[in-house]
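Notes follow once the structure below has been shown.
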Protein chains: 2
Amino acid sequence: MALIVQKFGGTSIATPEKIKAVAERVLRRQKQGNQMVVVLSAMAGETNRFIDMARQIQESPDEREMDVLLASGEQVTIALFAMAVKAAGYDAVSLLGDQVKIITDGMHTKARIKSIDITAIVNNLRKNKVVVVAGFQGVTEDDDLTTLGRGGSDTTAVALAAVLRADKCEIFTDVEGVYTTDPGVYAAARKIDRITYDEMLELSSLGAKVLDIRAVGLAKRYNVPLHVRSTFTENEGTWVVEENKNMESVLVSGLTYSKNEARITISKVHDIPGIAAKIFTPISEAGIIVDMIIQNTRAGEMTDMTFTVPRLDYQKSLNIIKNLEIAGAGHVSGSDSIAKISIVGVGMRNHTGIATTVFRVLAEEGINIQMISTSEIKVSCVIDEKYTELAIRSLHDVFALGDDNPPTIE
Amino acid sequence: MALIVQKFGGTSIATPEKIKAVAERVLRRQKQGNQMVVVLSAMAGETNRFIDMARQIQESPDEREMDVLLASGEQVTIALFAMAVKAAGYDAVSLLGDQVKIITDGMHTKARIKSIDITAIVNNLRKNKVVVVAGFQGVTEDDDLTTLGRGGSDTTAVALAAVLRADKCEIFTDVEGVYTTDPGVYAAARKIDRITYDEMLELSSLGAKVLDIRAVGLAKRYNVPLHVRSTFTENEGTWVVEENKNMESVLVSGLTYSKNEARITISKVHDIPGIAAKIFTPISEAGIIVDMIIQNTRAGEMTDMTFTVPRLDYQKSLNIIKNLEIAGAGHVSGSDSIAKISIVGVGMRNHTGIATTVFRVLAEEGINIQMISTSEIKVSCVIDEKYTELAIRSLHDVFALGDDNPPTIE
């Protein structure tokens, strides 16, 4: 008998009909002798509907109240889901974040889980009930509702799997698993069977939307085996697991892209201590999150400083920079039509040729690289947005990601 | 400085626009130096939408889960309302049933309040916040969500007014107050300025929908001055208060009707001990609530037994009765096209002519009375449904309910 945590996203439970179908799927696993904990998001579209209503009332909605509003979405789905299990003749109980005592900090709309009390879940599992938990939500020690931010239901599922010492955590979604790249961009994309936590962390942080990055980090920390799979088929999806010898041999696992960023360049900055602080303090005080920062050395004491910000914050950032008095700073330029292409794989650790291959392929296609950033297991390049699909296809082909047996290190 | 509890129903807060308008109205009262506690229902239509979804999943939805589902409706409105207060530059906090610790029994979908902890409300009022409380919902001692049944938000508002020793409880609705009869049926209906708790209890139990009967009972018990008024005007509505000398002089206060019932008659029942139990035990075991019961004495040992049941339970009740073996029982007949017309007024206590006048007026209009039931302050007659409007108009006129100075007892 295994203890399984399953998480279903909003598109999987968007209607009463779909909820019934998912409940049947969960019950099939229970009938095989497993204990089932189900974590649900709000119905697809509900969160956006709530945000729309809130914005009609308050331009920048109060975050405490936003959490009260948003948390009502999962309350609807867990109740309907528990009914669906009962309608099928089995027993279930719905539990809200505060009923499970998912205690978080007080950072409304992006809270972090501090502790979970498993008593209520365990007691109900012992009574052979399907336990249906509201994802995405928690409660502070002062009993204020909180939410965990977008993708927060993944985090709830993994956190529950960790504290319950579940045998696995299955994340159900509307795709078959994690792909070598976005199949909507390149049809040759192949589903990945196994991937390491570290690779998945990079893919999630670089734009792959299938799994929330905090959930992956939590899974890595508590060594929770994650299985990302489709709600609509019985096929195996992608296992996200600890690194092992066999997997290490794969050179490159995946290729992802993000079009959510913008680039700003300040030319001829005096390269003196404190200059970076001078530039980035006002940016961060405005609540803008800077991603890549590149400083090119020039002849003499001058340098070019380039960085990326979320595309929505582009104009705001540009205004801040233009109003700064930076000694000797030259032209401020930028672009909000860039894309960041990233290639990820633990195989890179022991292989230096990957970055070179990326640069060569992009050059062959006539694509200019605006920024480069690397880590132990990834290479990211910022390019003009219009070349995104071309770059993805070329890199996917050159690393043979579509092959059933991708190239390994000799 | 007064402490005022205001309750707004679903039609008053059906859209973000309407919520903003209501928030401004509440703030006008706060600016006059009052402490404001606001109790809200779900947006109009939401409860029915939830019930529809639940029924698509489970024919007779699980009641615990139904409460989890329904309680999400007020969570949405209190959050949006608190945002609206903040958008106007004032402070507010939303509180759910479990945050106020509105403890109820475990009778899901029709729970009763056992206790309320005023700490959270009082602390927030001291900080000069508008306190926005979810109506209709509570929580059991085991932390299960419960709801108080239809009209439950009225009950929440009155209960809060009672424990907070509020100066008044204002129930905002889409009509101007309590009317002498349904203005939709008879345009001559007049808004009542003041009515006693007892009269309001009779009107509510006899079909007037403007106030929930449990709320009126609670208001009477704790002597909470109730003011029923319109969300859309500043006019005074109807005060529901303790009886006083001045009010006693009004003969008849209101006239109401209900078309939700059906009548069943069993003729020639043997009038022996235990016969009523034999008839009504299977009815109540089927969960059917019997309202009026009339037993007519006939010559000899025979009697006719007539009673009313909710119209939705008519066929079910008829089937139960037809399958009973009642010694010597004759024909079972009935009608599901009846109406119950009721006339209410504390003046009746000291005046015996009211019932006679009712019977005379109906006879003059050629309306046959099928059943009669009286209490100290009301007379109810069951008639054919098609005569409802005619009966209302005639009785309204004869008791001069439309006059500004209705007749009083000499």
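The values are calculated or read from the model by the stated rules, or taken from the named source; none is laboratory data. All values derive from a computational prediction rather than experimental measurement. When we count neighbours, we look across all protein chains shown, and the Cβ atoms used for this are built from the backbone with ideal geometry, even at glycine.
Would you be able to tell me the number of residues in segment B:193-205 that are polar (S, T, N, Q), buried (at least 20 other Cβ atoms within 10 Å of the Cβ) and farther than 14 Å from residue B:173 by Cβ?
Of the residues in that region, 1 qualify.
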Notebook entry, point to check: Can you tell me how many residues in segment B:378-402 are surrounded by 21 or more Cβ atoms within 10 Å (Cβ to Cβ) and not basic (Lys, Arg)?
Noted result: 11
Notebook entry, point to check: Identify, please: which residue in segment B:25-55 is closer than 22 Å to residue A:80 by Cα and surrounded by 17 or more Cβ atoms within 10 Å (Cβ to Cβ) and is, among those, farthest from the other protein chains (Cβ to nearest Cβ)?
Noted result: B:41
Item checked: Enumeration of residues in segment A:33-51 that are out of contact with any Phe, Trp or Tyr (no Cβ under 8 Å at 6 or more places or on another chain) and either without any contact (Cβ under 8 Å) to a residue 60 or more places away in the chain or assigned to a loop (DSSP other than H, G, I, E, B) (or both) -> A:33, A:34, A:43, A:44, A:45, A:46, A:47, A:48, A:49, A:50, A:51
Checklist line | The one condition in (1) in contact with an Asp or Glu (Cβ under 8 Å, 6 or more places away or on another chain); (2) within 11 Å of chain B (Cβ to nearest Cβ); (3) surrounded by fewer than 24 Cβ atoms within 10 Å (Cβ to Cβ) that residue A:127 fails to fulfil | finding: (2)
Next item on the list: Kindly check whether there is at least one residue in segment B:116-138 that is on the phi > 0 side of the Ramachandran plot and over 21 Å from the mean Cα position of the chain (by Cα).
Entry: yes
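Pick out, from segment B:130-236, the strands (runs of 3 or more DSSP E) lying fully within it that include 1 or more residues that are modelled with pLDDT of 95 or more and over 21 Å from residue B:110 (Cα atoms).
Working: elements: B:130-134, B:137-139, B:145-147, B:168-173, B:194-196, B:226-230.
Per the criteria, B:130-134, B:168-173, B:226-230.
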Margin query: Of all residues being at the interface with another protein chain (Cβ under 7 Å from one of its Cβ atoms) and either touching a residue at least 60 places away in the same chain (Cβ under 8 Å) or crowded, with 24+ Cβ neighbours inside 10 Å (or both) in segment B:79-89, which is nearest to residue B:136 (Cα to Cα)? Just the residue, please.
Written below: B:79
Next item on the list: State all residues of segment A:99-124 that are within 12 Å of chain B (Cβ to nearest Cβ), in contact with a helix residue (DSSP H, G or I) (Cβ under 7 Å, 6 or more places away or on another chain) and assigned to a helix (DSSP H, G or I); if no residue qualifies, say none.
Entry: A:99, A:100, A:120
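Working carefully through the options B:61, B:16, find the one that is touching a residue at least 40 places away in the same chain (Cβ under 8 Å), in contact with a helix residue (DSSP H, G or I) (Cβ under 9 Å, 6 or more places away or on another chain) and within 11 Å of chain A (Cβ to nearest Cβ).
On the way: B:61 fails: touching a residue at least 40 places away in the same chain (Cβ under 8 Å).
Among B:61, B:16, only B:16 is touching a residue at least 40 places away in the same chain (Cβ under 8 Å), in contact with a helix residue (DSSP H, G or I) (Cβ under 9 Å, 6 or more places away or on another chain) and within 11 Å of chain A (Cβ to nearest Cβ).
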Notebook entry, point to check: Can you tell me which residue in segment B:206-248 is surrounded by the fewest Cβ atoms within 10 Å (Cβ to Cβ), limited to those that are of a type outside the set (A, V, I, L, M, F, W, C) and closer than 20 Å to residue B:399 by Cβ?
Noted result: B:246
Next item on the list: Kindly indicate whether any position in segment A:69-76 is within 14 Å of chain B (Cβ to nearest Cβ), closer than 26 Å to residue A:227 by Cβ and modelled with pLDDT under 95.
Entry: no
Check: Does residue A:74 meet the test of being crowded, with 24+ Cβ neighbours inside 10 Å and of a type in the set (Asp, Glu)?
Finding: yes
Next item on the list: Say whether the condition of being under 21 Å from residue B:377 (Cα atoms), among the charged types (D, E, K, R) and either in contact with a helix residue (DSSP H, G or I) (Cβ under 8 Å, 6 or more places away or on another chain) or assigned by TED's automatic domain parsing to the domain that holds residue B:46 (or both) is met by at least one residue in segment B:182-197.
Entry: yes
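Filter segment A:71-95 down to the residues that are charged (D, E, K, R) and farther than 14 Å from residue B:145 by Cβ and list them by number.
Listed by number, the residues that qualify are A:86, A:91.
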